Amino acid sequence: VFILIISLILSALLHQAGTTENLARYCLMNSPLQPLMASIIGLIPNCAISVMFTILYMKQTISFGSLIAGLCSAGGLGLLVLLKRNNDKKDTALILGIMVIISTIIGLILQYNWFGINKIFSVFGIQV
C-alpha cells in the first residue's frame, strides 16, 4: 500500500510539472543543491524513484552527479526496516544523515568534475 501511494504521488507530481523545461526548473538544473535534493528524494523507499532519476537524466533534466547521488542514497525497502525495527531514533537519524551527506558529496564531485574523476568514465567510452 505504501509503495502504491508513493507511486501515485510521484505520478501526480510529474504530471503537474508539465514540460521538460518546467521540470528542469523545479529540479534546480545546474545548481549545487540539485545533488542534495536528489539524495533526499532517493531516501524514499520505492524502485520508481530510481526509474524517475534515470528518466530525468536521459531527458537532461538532472546532472549525472545528481543521478548518482539519488541512486547512492536509495536504500530500497531496507530503510523501512531500519525505521521500523531500530528503537533508537538518534541512531536512525544519524544513519540517514550519513547516507545523505555521502551521497551529496559524491554527486557534487561528479557534477563539478572535482579531481578530474570524469576521466575514469571516458576510459569506458562514457561521456559525462
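Summary table
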| quantity | calculated |
| --- | --- |
| Residue satisfying all of: in the range 104-128; among the aromatic types (Phe, Trp, Tyr) and in a helix (DSSP H, G or I); least open to solvent (accessible area, probe 1.4 Å) among these | Phe121 |
| Condition check for Gly107: among the small types (Gly, Ala, Ser) and either modelled with pLDDT under 90 or over 19 Å from Ser39 (Cα atoms) (or both) | no |
| Extreme residue, surrounded by the most Cβ atoms within 10 Å (Cβ to Cβ), among residues of the range 11-43 that are in a loop (DSSP other than H, G, I, E, B) and modelled with pLDDT of 85 or more | Leu43 |
| Matching residues, the range 75-98, being surrounded by 13 or more Cβ atoms within 10 Å (Cβ to Cβ), aliphatic (A, V, I, L, M) and under 15 Å from Ala38 (Cα atoms) | Leu96 |
| Residue list for the range 59-74, filter: modelled with pLDDT under 85 and either open to solvent by less than 40 Å² (accessible area, probe 1.4 Å) or among the hydrophobic types (A, V, I, L, M, F, W, C) (or both) | Thr61, Ala74 |
| Unmet requirement for Ile101, which otherwise passes all of (1) more than 24 Å from Ile9 (Cα to Cα); (2) exposed (fewer than 12 other Cβ atoms within 10 Å of the Cβ) | (2) |
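The values are calculated or read from the model by the stated rules, or taken from the named source; none is laboratory data. Quick caveat, the model's predicted, so the values are computed rather than measured. No Cβ is skipped: glycine too gets one built from the backbone with ideal geometry, and neighbour counts run over all protein chains shown. Heavy atoms of the whole protein, side chains included, go into the accessibility calculation; ligands, DNA and RNA do not. Shrake-Rupley method; radii C 1.70, N 1.55, O 1.52, S 1.80 Å.
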